[in-house]
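I have placed the structure first, in the form of structure tokens, so that the comments after it can refer back to it.
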Ligand code: UGA
């Protein structure tokens, strides 16, 4: 570990960076960092650390993924990621391998960024995290070097204490505290802007088992001018859940209010304009539509609800948030039927398959329940997405996927918009616009001759 004194670093720094540095007892100039997991969190974390001059090795269990990363190719679409990987791999500051043990033995830090999927009862499946932690522990068994293990994966509160610490101790045969530190440093990045979020976080949360470990983790963020929050590991884990749960609450709230407004002829966007300037409310994350998807909100809200039930503190609110979210995609189907009559035999263009724009990720995409409901009612559905077609085909092999927007609109009686890709903005004005447009994301600009209905517009257009 190459440690520079605070005085030395603070001397060369200015403004917020100087203040931030002076709060921490040591600064690590160039650390050897292992990042376990080559998903969004892992790769963006790896890029951000490598760009700061650290040497980073990404570990993944899938050899094909490792081979791709080594060639500077991103395993998924995320703006800017591939270019950054290429640059850092050519500069030899970033590498990837399947060999966890050898990499951990020569490293100062391991960041655990493995997946934490949802179990059948909504609980979090921590088996990847346990396995990775056990392997890190084993790698540290005969090592004399001090090492810090930090969880960045979203893990249920208590995981560092009840899983990471005991598993590391079991694997390594050492006590945490004696040369091994454990920390929790949750990640708040959003797909589509994941790299930017990793490079410029809006806050950094650090939990640690002891103060030396805490200082070591902070030393990796010497220049960050955002708020820095010091807590214990369990609070850090809860912060991540509370953040995602609150955002999900906002979305389900917006959807429920918009549904009421639709019955009363009220445009929800006008309401948000009227409430959003109250600093206690804000304008963001109040967009009404077909609900939230992705790999985080649905799974995290279910896991937190499960944790609450287990702890005998069940949350009616979280359960309601999920229930509203399950119902919401069917709203566009109801609106479609109200406009067209039964959809049996009708040709419907389903526009947008990704769970949000600027990603090819279809996990928990709200387009999927819409597609299923339409197909179950006998509609002929032609799907289109600028990036996520392949992922959607893997989930729904029977889906009729078209390669262009124009193809999906051919002969369509209606279009249903499920993702706010910029390409759909001008849909209403196109000469081939279908007679009916149902907008599940308020993505389409006014204009044209189509009948337009959107969730939350109160029948405004
Ligand atoms: C979310 C959080 O925003 C991140 O802070 C967090 O780090 C991440 O989960 C995670 O836990 O890893 P992400 O799932 O990438 O990020 O995407 P969001 O931009 O939050 O969107 C999630 C879903 O909510 C999308 O389907 C989006 O369409 C929907 N949404 C969002 C709405 O329906 N209405 C809104 O007003 C905002």
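The values are calculated or read from the model by the stated rules, or taken from the named source; none is laboratory data. Since we're looking at a predicted model, the values are computed, not measured. Positions of Cβ are backbone-derived with ideal geometry, glycine not excepted, and every protein chain shown enters the neighbour counts.
Of the listed requirements (1) within 24 Å of residue 369 (Cα to Cα); (2) within 15 Å of the ligand (Cβ to nearest atom), residue 305 misses just one: (2).
For the stretch 81-104, the candidate set comprises residues that are touching a helix residue (DSSP H, G or I) at 6+ places or on another chain (Cβ under 7 Å) and surrounded by fewer than 17 Cβ atoms within 10 Å (Cβ to Cβ); within that set, the residue that is farthest from residue 309 (Cα to Cα) is 97. Note on the stretch 361-461: enclosed helices (runs of 4 or more DSSP H) holding 1 or more residues that are more than 20 Å from residue 330 (Cα to Cα) and touching a residue at least 24 places away in the same chain (Cβ under 8 Å) are 389-395, 405-409.
Set side by side, the residues 332, 249, 266, 321 differ, and just one is in contact with a strand residue (DSSP E or B) (Cβ under 8 Å, 6 or more places away or on another chain) and more than 11 Å from the ligand (Cβ to nearest atom), which is 332. In summary, residue 345 fulfils each of the numbered conditions (1) touching a residue at least 12 places away in the same chain (Cβ under 8 Å); (2) buried (at least 16 other Cβ atoms within 10 Å of the Cβ) with the single exception of condition (2).
Of all residues in the stretch 278-330, those satisfying the criterion of being in a loop (DSSP other than H, G, I, E, B) and crowded, with 19+ Cβ neighbours inside 10 Å are 286, 287, 288, 289, 290, 291, 292, 293, 294, 295, 296. Being assigned to a helix (DSSP H, G or I) and within 24 Å of residue 190 (Cα to Cα) is a property that holds for residue 50.
On inspection, residue 337 passes the criterion of being surrounded by fewer than 23 Cβ atoms within 10 Å (Cβ to Cβ) and more than 16 Å from the ligand (Cβ to nearest atom).
Would you check if residue 261 is away from the ligand (no atom under 11 Å from the Cβ) and touching a residue at least 24 places away in the same chain (Cβ under 8 Å)? Yes: the conditions hold for residue 261. Taking the criterion of being at pLDDT below 95, surrounded by 16 or more Cβ atoms within 10 Å (Cβ to Cβ) and either within 16 Å of the ligand (Cβ to nearest atom) or closer than 30 Å to residue 287 by Cβ (or both), the only residue of the stretch 208-246 that qualifies is 224. Filtered by the rule that a residue be surrounded by 23 or more Cβ atoms within 10 Å (Cβ to Cβ) and more than 28 Å from the chain's Cα centre (by Cα), the stretch 139-179 gives 139, 140, 172.
Tell me whether the stretch 136-149 contains one or more residues that are assigned to a loop (DSSP other than H, G, I, E, B) and on the phi > 0 side of the Ramachandran plot.
no
Within the stretch 411-424, the set of residues being surrounded by fewer than 13 Cβ atoms within 10 Å (Cβ to Cβ) and within 16 Å of the ligand (Cβ to nearest atom) comprises 422 only.
A single entry from 107, 178 fulfils the requirement of being more than 16 Å from the ligand (Cβ to nearest atom) and either modelled with pLDDT of 95 or more or touching a helix residue (DSSP H, G or I) at 6+ places or on another chain (Cβ under 6 Å) (or both): 107.
Being farther than 20 Å from residue 254 by Cα and buried (at least 22 other Cβ atoms within 10 Å of the Cβ) is true for just one of 450, 408. Which residue is that?
408
What about residue 312, is it more than 10 Å from the ligand (Cβ to nearest atom) and without any contact (Cβ under 8 Å) to a residue 12 or more places away in the chain?
yes
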